[in-house]
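One structure is given below, encoded as structure tokens.
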Amino acid sequence: MRPLTQYGRMAEKHWREHLPKMVRDLERKGLLHQMLLEAEDKTKDEMATLRAQLMKQGATPQQAQDQAWEMLREKYILLPPEE
């Protein structure tokens, strides 16, 4: 089983705190680790693409990294809390 990177660990912490029902359901189905890996892979892939686009537009590598993270973090990692 592939270990989680910083994004996967961040997602797990956030999900456990803010989405406990979803986490319990995924754990029951044996899918939590797989979904965390998916979230981090999608985040990394989209961040690389977006970072390259931002740098072409004149952003420094650090600015591009920060902007890409800000734009994508809530898409897969920091999901909205359950109601």
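The values are calculated or read from the model by the stated rules, or taken from the named source; none is laboratory data. Computed from a predicted model, the values in this text were never measured in an experiment. All Cβ positions, even for glycine, are placed from backbone atoms using ideal geometry, and neighbour counts span all protein chains on display.
Things to note:
- The residue that is nearest to the chain's Cα centre (by Cα), counting only those in the range 30-43 that are surrounded by 15 or more Cβ atoms within 10 Å (Cβ to Cβ) and charged (D, E, K, R), is Glu40.
Yes/no matrix, rows are residues, columns are (1) out of contact with any Asp or Glu (no Cβ under 9 Å at 6 or more places or on another chain); (2) of a type outside the set (Val, Ile, Thr):
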residue	(1), (2)
Glu12	yes, yes
Lys21	no, yes
Gln57	yes, yes
Thr60	yes, no
Glu70	yes, yes
Ile77	no, no
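- Residue within the range 16-24 that is of a type outside the set (Lys, Arg) and either touching a His at 6+ places or on another chain (Cβ under 9 Å) or not in a helix (DSSP H, G or I) (or both) present: yes
- So Glu27, is it acidic (Asp, Glu), at pLDDT 95 or above and under 14 Å from the mean Cα position of the chain (by Cα): no
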